[in-house]
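I have placed the structure first, in the form of structure tokens, so that the comments after it can refer back to it.
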Amino acid sequence: MKPGRHHIASLVRTGQWRSALVALGCASALMGGVTLYGLQQQASHALALAARSLAYAGEPALRFKDIDALMELVKPLADSERLATVEVLDRHGALLLRYQRPPAGRRDALARRVAGWLLPMTVSAPVAAGARPLGQVRLGADGGVL
């Protein structure tokens, strides 16, 4: 029994739809990956700028180990830049200050969880007085980019 023309045309159309769906799925996966990489690079750059800014502004407070002055710098920065964590270490690596911004609701907590899986990001910057190292600041992103 010979298949009819209608049957062959139907098979060809089905094959074309499948090929189109596979191509669309591959293109979507590729674009998603490229977009995620771009977001990660943008967030990393912004985080590095915030870390350098805090390192520069916090240098006098770190020099005199003034934790209250450091906290006055850290809290507004963490809120405005949507940082999850901020750590300040002395030149020996001892932790002087750790600030963790509380999540602003369920959506923020979910964004942090997703960011931890997809964009685990911590950036650090040295704190120095001239050529003399004083310590280091570490900033952790909260996933607000996502």
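Would you work out which of ILE8, THR35, ALA94 lies farthest towards the positive end of the dipole of the chain? Charges go on Cβ: Lys and Arg +1, Asp and Glu -1.
ILE8
For the stretch 1-58, what does the convex hull of the Cα positions come to per residue, in cubic angstrom?
44 Å³
Per q in 0.11, 0.15, 0.18 1/Å, what log10 I(q)/I(0) does a Debye calculation on the alpha-carbon atoms of the chain return?
For the chain, the Cα-only Debye profile gives -0.54, -0.79, -1.00.
Could you work out how far helix 5-57 tilts from the main Cα principal axis of the chain, as a 0 to 90 degree angle to the nearest 10?
So the inclination is approximately 10 degrees.
Expressed in nm to one decimal, what extension gain is obtained for the pair VAL114 and ALA48 from 0.36 nm per residue of sequence separation less their Cα-Cα distance?
Details: separation 66, 0.36 × 66 = 23.76 nm, distance 2.07 nm.
The VAL114-ALA48 span can extend by a further 21.7 nm.
For the Cα atoms of the chain, what angle does the longest principal axis make with the long axis of helix 67-80, in degrees from 0 to 90, nearest 10?
That works out to roughly 20 degrees.
Pairs of Cα atoms under 8 Å, at least six residues apart: use those to get the relative contact order of the chain, whole percent. Don't jump to the answer; show the numbers that get you there.
Working: 178 pairs, mean separation 38.1, N = 146.
Computed over the chain, the figure is 26 percent.
Take ALA20 and TYR37, extend 7 Å from each Cα along the Cα→Cβ direction, and tell me the distance between the two endpoints in nm.
2.9 nm
Compute, for SER80, the solvent-accessible surface of its heavy atoms (probe 1.4 Å) with the complete set of protein chains present, and express it in square angstrom to the nearest 10.
Estimated to the nearest 10 Å², SER80 gives 80 Å².
If you place +1 on the Cβ of every Lys and Arg, -1 on the Cβ of every Asp and Glu, and leave all else neutral, what size is the dipole of the stretch 19-146 about its Cα centre, to the nearest 20 Debye?
Numbers: 14 positive and 10 negative charges, 38 e Å.
The calculated dipole for the stretch 19-146 is roughly 180 debye.
Can you send over the carbon and sulfur percentage of the accessible area for the chain, probe radius 1.4 Å, protein chains only?
61 percent
Keeping all protein chains in place and using 1.4 angstrom, which order do TYR56, TYR99 fall into by accessible surface area, from largest down? Don't skip to the answer; put the middle values down first.
Numbers: TYR56 190, TYR99 30 Å².
So, going from the largest accessible area down, we get TYR56, TYR99.
Residue by residue through the stretch 125-137, what is 3J(HN,Hα) from phi via Karplus (6.51 cos²θ - 1.76 cosθ + 1.60, θ = phi - 60°)? Round to whole Hz and write x for glycine and proline.
9, x, 10, 9, 10, x, 8, 8, x, 10, x, 7, 10
The values are calculated or read from the model by the stated rules, or taken from the named source; none is laboratory data. Keep in mind the model is a prediction, meaning the values are calculated, not measured. Virtual Cβ from ideal backbone geometry, glycine too; neighbours counted across all protein chains shown. These area figures cover heavy atoms from the full protein model, side chains too; ligands, DNA and RNA do not enter into them. Shrake-Rupley method; radii C 1.70, N 1.55, O 1.52, S 1.80 Å.
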